[in-house]
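Accompanying notes for the structure given below.
Only the coordinates and a few stated rules stand behind these numbers; no lab work does. Keep in mind it's a predicted model, so treat the numbers as computed, not measured. In this analysis, Cβ positions are derived from the backbone assuming ideal geometry, glycine residues included, and neighbour counts consider all displayed protein chains.
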Ligand code: SF4
């Protein structure tokens, strides 16, 4: 079996983002002839609609959410969508586990409250802080190699 790269679905241009858009991502060209690309969107897998209200992690990061020490809230109205984000992370892990050691790496969209690998947004501003999204945290906890969509030099080396 070809080695598999699991990737945030929005990075393939599929319109699964909170605003109903996808993202043109230059990294895809580096990978698509070498690997089988498996796109996943944790927020859709967690049962959220598209488009959906933007949400952020209230404090800490994805690890804090998994430990029950923080929540994921919509920016407007502060609706608690923690359960959806955790469910989406678990469903994504199930998919990654199906392929186990055939997964060369998981590449996730930087800055997202699900998929961020190095940075996520502060709840009360548009500024960024170091931290991981909920799905990134769960996959790292389970021993997978998780790269940020911004790490193009690392991605070239895969
Ligand atoms: Fe889905 Fe992750 Fe992309 Fe958000 S960043 S749209 S959760 S794949």
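Per-structure values
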| read-out | value |
| --- | --- |
| Residue within the stretch 6-26 that is assigned to a loop (DSSP other than H, G, I, E, B), touching a strand residue (DSSP E or B) at 6+ places or on another chain (Cβ under 6 Å) and within 14 Å of the ligand (Cβ to nearest atom) present | no |
| Residue check, residue 131 within 12 Å of the ligand (Cβ to nearest atom) and in contact with a helix residue (DSSP H, G or I) (Cβ under 8 Å, 6 or more places away or on another chain) | no |
| Any hit, the stretch 136-153, residues being surrounded by 22 or more Cβ atoms within 10 Å (Cβ to Cβ), closer than 13 Å to residue 57 by Cβ and touching a residue at least 12 places away in the same chain (Cβ under 8 Å) | yes |
| Residue in the stretch 58-76 that is closer than 30 Å to residue 157 by Cβ, out of contact with any helix residue (DSSP H, G or I) (no Cβ under 6 Å at 6 or more places or on another chain), more than 9 Å from the ligand (Cβ to nearest atom) and not in a loop (DSSP other than H, G, I, E, B) present | no |
| Qualifying position, being outside any loop (DSSP other than H, G, I, E, B) and either more than 15 Å from the ligand (Cβ to nearest atom) or more than 26 Å from residue 152 (Cβ to Cβ) (or both), among 30, 48, 38 | 30 |
| Criterion violated by residue 83 - all others in (1) outside any strand (DSSP E or B); (2) within 13 Å of the ligand (Cβ to nearest atom) satisfied | (2) |
